[in-house]
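The values are calculated or read from the model by the stated rules, or taken from the named source; none is laboratory data. What you see is a predicted model, and the numbers here were worked out from it, not measured in a lab. FYI the Cβ positions are ideal-geometry reconstructions off the backbone, even for glycines, and counts take in every protein chain you see. Accessible surface areas use protein heavy atoms only, side chains included; no ligands, DNA or RNA. Shrake-Rupley method; radii C 1.70, N 1.55, O 1.52, S 1.80 Å.
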Amino acid sequence: MSQKFMTRPKVTAFGNDPLLVRSTFAQFPSGVAVLAVEAGDEKHALVASSFMVGVSLEPCLVAVAVQKSSETWEQIKDAASLGVSIFGKGQGHLTRKLAGKDRAARFEQVAIDVGEDGAVFIEEAALWLECSVHEVSEAGDHWMALLEVKKLGVGENEPLIWHGAKFRELVNAQSIDVV
């Protein structure tokens, strides 16, 4: 039996070209997460596609990369509890709203649930996690935050996917066997 090898895609450039890096990384599909808290009378939300589950099972850890320039991270990083909602089908419009410049309007007409410790969850999300910040380290122009999961749940909605700088939805949720 002969093996076929796929050739690598043509390399178009090397170096630190931020546009090339961004467009290349956009080819990796990911979910879209919102980290949200309520502190006093204010709600804060940070939208991230650089979110990773399954970092560790003992303790249960997930990870998120946050730009150092994020003003919202400064508002939520010390919260007792962070709500993490992974957006589901039909929620793409919420990412722009919750990441919008008008902080006062971010949560207007957004269905949420607020936990006892101030964690904010977006209703109809594909899944949700209640977390606390476990550890933060420097990673270039980002902070890499490990979040410890306290509670979690799965909704009935299919996840929203970020791929190729566009929101996409799963069309066929059937699994395939890889041999």
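Some points to look at:
- Net charge of neighbours whose Cβ lies under 13 Å from the Cβ of residue 56, counting Lys and Arg as +1 and Asp and Glu as -1: -3
- Three-way shape call for segment 58-128 based on the alpha-carbon gyration tensor, with the a/c threshold at 1.5: rounded
- Seen from residue 135, the other residues with C-beta closer than 13 Å to its C-beta sum to a net charge of -1, counting Lys and Arg as +1 and Asp and Glu as -1.
- Segment 95-175: trypsin sites (Lys or Arg not before Pro) in DSSP coil with no more than 14 other Cβ atoms inside 10 Å: 101
- Solution diffusion estimate, µm²/s, Stokes-Einstein, the chain, Kirkwood Rh from C-alpha pairs, 25 °C, viscosity 0.890 mPa s: 138
- Loop-located GluC sites (Glu not before Pro) in segment 128-178, at most 10 other Cβ atoms within 10 Å (DSSP): 156
- Within the shell defined by Cβ-Cβ distances under 10 Å, the residues around residue 170 carry a net charge of 0, with Lys and Arg each +1 and Asp and Glu each -1.
- Accessible area of the chain divided out per residue, in Å², using a probe of 1.4 angstrom: 68
- Here the gap between residue 93 and residue 41, fully extended at 0.36 nm per residue and compared with their Cα-Cα distance, gives a gain of 16.3 nm.
- Residue-span extension gain [residue 135 to residue 30] - 0.36 nm each, minus C-alpha spacing: 35.5 nm
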